[in-house]
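Structure first, commentary second.
The values are calculated or read from the model by the stated rules, or taken from the named source; none is laboratory data. Please read all numbers here as calculations on a predicted model, not as lab measurements. Heads up, the Cβs are rebuilt from the backbone with ideal geometry, glycines too, and the neighbour counts pull from every protein chain shown. All accessible areas refer to the heavy atoms of the entire protein, side chains included, with ligands and DNA or RNA removed. Shrake-Rupley method; radii C 1.70, N 1.55, O 1.52, S 1.80 Å.
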Amino acid sequence: MALQSFSNESTVLPAEDEWTRQSCGFYACPACKQGLEPVHDGLSCRLCARTYPIVRGIPDFILVNLEESSNGSQRFVGKKDSRPLLDFMASVYETWVYPAVCNLYGGWHSTSLEQLVHDVSDIVGSCDGVILDAACGPGTYGRRMASASRTVVGIDMCMSMLRRGADYVEKGHIPNVHFARATVEALPFRAGLFDAAICAGSLNHFSDTVLALREINRTMKVGAPLAVMCFALINSGLIKYKSIRERAEKGGGHIYSVADFERYVAEAGFEDFLCHAHGSIIVFSARKTPIEH
């Protein structure tokens, strides 16, 4: 698959760009997982002889051309990213798209964004340090959880969403929220970095659910909590209809049972699976399993 080529844009967020360069040891090459060093046009991996550009303060770690992906969601983003359609979707994601999807697929008035954020925040609890927001969109959950003692790093493959999130953070003067463009299957972070991780609204879209969870697990500290919101095969909302589930599968998505998710979470190296449902929307927690010696 061909590498995507991106050029740095003239509009740069100086403070965020400087933070990214100063904390480049915080990031790692998504291909070889080795450290990076700042160069004039981005972050460089000497081992892979590859430089990842920083676009408007957002480092871009996508390794492949998403338009050639076998996953329908990735192909759609690859074709439409940073164009009017996805820019518009990002602008109404939290006010229109998110509520509509929750009501239609999860069940009418089954829950709300506010309730889901509360549930996910409860799982993370009072944990400070650094939190991964995997497939974050415009930072829907992460930016609501950041604080002076809690840094949230959100990754998503859609630059339109990330730019919208960066705008929200800048206008809201929200501390300690940073974004990077990457896929969950190839996270640009060293092992054992995060004190907690969240993945809200995206686990159904990954081609290989266990692979995605294992990569999230790799970047977490032992015992760190994982909080996930996703859809499950429960008799509520449009998901209860076979035709809707088949359509999701054709687009690269997956609708699993709660038992399936519990099994996949264990296979990925987590324990203490706990789950509760709002219609066909579930919120579950787990913890990274200690390594047995």
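Worth pointing out:
- All conditions but one from (1) in contact with a Leu (Cβ under 9 Å, 6 or more places away or on another chain); (2) surrounded by 23 or more Cβ atoms within 10 Å (Cβ to Cβ) apply to E185; the one that does not is (2).
- Among the conditions (1) of a type outside the set (S, T, Y); (2) under 22 Å from P225 (Cβ atoms); (3) open to solvent by 40 Å² or more (accessible area, probe 1.4 Å); (4) modelled with pLDDT of 95 or more, the only one that V152 does not satisfy is (3).
- The single condition among (1) within 24 Å of I216 (Cβ to Cβ); (2) in contact with a Lys or Arg (Cβ under 8 Å, 6 or more places away or on another chain) that V77 does not satisfy is (2).
- Any hit, segment 103-117, residues being in contact with a helix residue (DSSP H, G or I) (Cβ under 9 Å, 6 or more places away or on another chain), surrounded by 24 or more Cβ atoms within 10 Å (Cβ to Cβ) and closer than 18 Å to I216 by Cβ: no
- Subset of segment 163-202 (residues that are touching a residue at least 40 places away in the same chain (Cβ under 8 Å) and among the aliphatic types (A, V, I, L, M)): A166, A180, A182, V184, A186, L187, A191, L193, A196, A197, I198, A200
- Among the residues listed as H254, H276, the single one being in contact (Cβ under 8 Å) with a residue 40 or more places away in the chain and not in a strand (DSSP E or B): H254
- Test: F261 is touching a Leu at 6+ places or on another chain (Cβ under 9 Å), assigned to a strand (DSSP E or B) and surrounded by 20 or more Cβ atoms within 10 Å (Cβ to Cβ): no
- Of the residues making up segment 126-147, those that are among the small types (G, A, S) and open to solvent by 10 Å² or more (accessible area, probe 1.4 Å) are S126, G129, A135, A146, S147.
- Yes/no for A248 being crowded, with 16+ Cβ neighbours inside 10 Å, aliphatic (A, V, I, L, M), in contact with an Asp or Glu (Cβ under 7 Å, 6 or more places away or on another chain) and outside any loop (DSSP other than H, G, I, E, B): no
- Among the residues making up segment 265-283, those that are open to solvent by 40 Å² or more (accessible area, probe 1.4 Å) and more than 18 Å from L116 (Cα to Cα) are A266, E267, E271, D272.
- The set of residues in segment 77-93 being under 19 Å from S207 (Cα atoms) and either open to solvent by less than 30 Å² (accessible area, probe 1.4 Å) or in contact (Cβ under 8 Å) with a residue 40 or more places away in the chain (or both) consists of V77, G78.
- Flag if I123 is assigned to a helix (DSSP H, G or I), in contact with a strand residue (DSSP E or B) (Cβ under 9 Å, 6 or more places away or on another chain) and closer than 22 Å to V210 by Cβ: yes
- Extreme residue, nearest to the chain's Cα centre (by Cα), among residues of segment 203-241 that are surrounded by 20 or more Cβ atoms within 10 Å (Cβ to Cβ) and assigned to a loop (DSSP other than H, G, I, E, B): F206
- So D133, is it under 12 Å from the mean Cα position of the chain (by Cα) and among the acidic types (D, E): yes
- The set of residues in segment 53-85 that are under 21 Å from R247 (Cα atoms), under 18 Å from the mean Cα position of the chain (by Cα), not hydroxyl-bearing (S, T, Y) and not in a loop (DSSP other than H, G, I, E, B) comprises L66, G72, Q74, R75, F76, V77, G78.
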